[in-house]
1. What ranking, highest mean first, results for peptides 369-376, 75-82 when packing means the other Cβ atoms within 10 Å averaged over each residue?
2. Are any of the pairs Lys371/Lys448; Lys370/Lys448; Lys532/Lys588 more than 18 Å apart by Cα-Cα distance, and if so, which?
3. Roughly speaking, what is the stretch gain from Met286 to Met431, that is 0.36 nm per residue apart minus the C-alpha to C-alpha distance, in nm to one decimal?
4. Working out 0.36 nm times the residue gap between Ile548 and Ser342, then minus their Cα-Cα distance, what length gain in nm do you get to one decimal?
5. Ignoring any ligand, DNA or RNA, what whole percent of the accessible area of the stretch 456-599 comes from carbon and sulfur when the probe is 1.4 angstrom?
6. How much accessible area per residue does the stretch 261-304 have, counting only protein heavy atoms and a probe of 1.4 Å, in square angstrom?
7. Of Ser614, Ser52, which has the most accessible area and how do the rest follow, probe 1.4 Å?
8. Would you mind getting the accessible area per residue of the stretch 476-575, heavy atoms of the protein chains only, 1.4 Å probe, in Å²?
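The values are calculated or read from the model by the stated rules, or taken from the named source; none is laboratory data. Keep in mind the model is a prediction, meaning the values are calculated, not measured. Neighbour counts are summed over all protein chains in view; Cβ atoms, including those assigned to glycine, are modelled from backbone coordinates with ideal geometry. Accessible surface is based on the protein model in full, side chains and every heavy atom, while ligands, DNA and RNA are left aside. Shrake-Rupley method; radii C 1.70, N 1.55, O 1.52, S 1.80 Å.
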Amino acid sequence: MNVKETVMKKQLTQLMPTLVVMVLILVLTVATYNISLRQEEEECFNRLENASETMVQSIKNRVNDDLNYLRLIGKDFSNEDHLPTYEEYKDRLSTFEDVSLFERVDLLMKNNTLYTMHDEVQQIYTNEFLVLNSTAEYMDRVHTDTLTNKRSVNYYVPIQQNETVIAYLVGVFQCDTMDDQFYTKILNGKTHNSIIDTTDGQVVMDNQDLNIDNIASDTDFKLLSPKKNVLKQIHSLKSGAFASEKNGEKKYFVYKPVGVCNWELLVMVNEEDAFANVLTLKNHYMVMVICEILILLLYCGFYITKVRRISKKTNELNEDLNVSITLIQCVRKLSNDLYKESTIDEILQIICEFYQAERCYVLDLDMDNKKANGIFEYGKRHDEIHIENMVRLCLEHMDLVNQFFENQKSYYIEDVTHEIPSTSPIYATFMQQKIHSIIVVPFMDNKKIQGVFAVDNPKQNYYQKDFLESLCFFIKTAMEREKEKTKLKNLSYVDSLTYAQNRNHFNEYIEQNRNKELHSLGVIYLDLNGLKEINDKMGHIAGDTLIITASYALQEIFLDNSYRVGGDEFVVIEQDVSELLFFDQYAKLLKRMKELEISVATGCVWKETCSNLSETLQEADQKMYEDKKRYYSLAGDRKSTRLNSSHITISYAV
């Protein structure tokens, strides 16, 4: 687990107790709300049922009282020995009609003659009496009254003489005035009270005149269950409740059998009226829950923001630490005394992994002479053509490169296609090399570009340009230090007078190859004749000129394979040279010395295989000594003592 994940886990662990407490408070609030809501709903149903029960008792008592009085009158008429006259009928019922629920009480005779209180005697032309010919009381269905043309319900009480029905007392309930008779204020008068004849579903009473013709035809009712077995209660003519929902509007109904014929009381109320207290409570709790949720969300949001800020800061610190560690790792390698070119390759590997790049490289350029002093590359795609193209781009378009880095030390190009003009040679080179993004940092010296450090297609840490800028300084310093070391080393290997390889380099070469088997090896020992006489007669400047001229002739033919091992002595060592070529070069050397009028003594040896370099050098030295001896013998000059001394010195060096 990394540091970022550890910090986030720690912060979230600290958040958990507070979060649990707030969630528990929210859960308790919701639970309290549900309990209160159920209690209030139960109370609302109880209020509706109690008010409905009161209304049912009122209707039942008044209707039964009127029906009982009507029965008494019918019984009195039945006890008479004649048919009641209109006057008798009017006297007996005039007072009762004013205080009863009946709109009027008619007397229907057997001959279909109808006595009314207001219209005296009327003849009706129906067979109603024949239909009603029964000794039982009868409540008919809702119909339109022929006299008033209004919806009415008739209750028939038979008048019998000698067990024969001779007339009917007809109590007429007028539907549109019944509500005034049974008015009960339920929920401040916001209910819709109806009496339903369950025989056919006709509405007997409707206090709001909603023109409900037949409630039995409405199929949208949905039963509620505030109490158990509601459906069974309704079927057994017991109280119950149900709900109807149409067009998103919900209505609640309380059902109560009246106990009069097949009449049932139906109290209907809108949800907002029936459950006004519940809705108020619900709104209050909803506001409370919303506030608690908002507080919880705000707290969590604040804490998460804080955690993210800390995590981001931690991540930035980790990235900076990673950059510092990587930089220190690279600098440590560069500062190592055993620095070599492979060190740059190791650093490039570190950089490539740091950026998850396809390739990174360092170009050490000589812009003045338009050449590359050094090229270092590492990556998934090793491509010599790529490096050559990048070098060519820098050297051939120096003005563009200088302009590119004119205003800033480094560049990160996120999308080459959008940030570099398509007409630019830089764009063409990048596209050819499949470079889509690149980080480029120049090596600067006195405001002049001496090279570039580039990372192709980085996938991470691409914003860390400062890291490369810092690393460039150390790489540049290390490369310059290495150049200085190389320069000093070369100076220690080069003769200051002739610029040929000196005795130090000669001895190092012998040491490196002491126990090696060398192939096609050619060795020449050369000594200048008469140098002392020239120094004595013409001065040391003339002697130095002779040495320089002879050295240049050697370097002209044998390049860097010639060594000045003494004041007037030179050695040539060539490896992997054919015998024919080597002796041809030797012949050219002798010819050139003759042309320059320089007298030399030489010893030349070529071997196909050389297992002991010292012996081969001694062999060439011996031949040179013999040649020099012949020279002095012919010149009559006796210098054998000096020659012997010089010969011994060389032998010891070898």
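1. Values: 369-376: 14.4, 75-82: 12.9.
Top of the packing list down: 369-376, 75-82.
2. Working: Lys371/Lys448 15 Å; Lys370/Lys448 13 Å; Lys532/Lys588 26 Å.
Correct reply: Lys532/Lys588.
3. Details: separation 145, 0.36 × 145 = 52.20 nm, distance 6.24 nm.
Computed gain between Met286 and Met431 is 46.0 nm.
4. On the way: separation 206, 0.36 × 206 = 74.16 nm, distance 3.77 nm.
Once the chain is fully extended between Ile548 and Ser342, it gains 70.4 nm.
5. Numbers: 4120 of 7740 Å².
Carbon-and-sulfur percentage of accessible area, whole number: 53.
6. On the way: 2420 Å² over 44 residues.
Spelled out: the 1.4 Å probe surface of the stretch 261-304, per residue, equals 55 Å².
7. On the way: Ser614 20, Ser52 0 Å².
If we order Ser614, Ser52 from most to least accessible, we get Ser614, Ser52.
8. Numbers: 5050 Å² over 100 residues.
That works out to 51 Å² for each residue.
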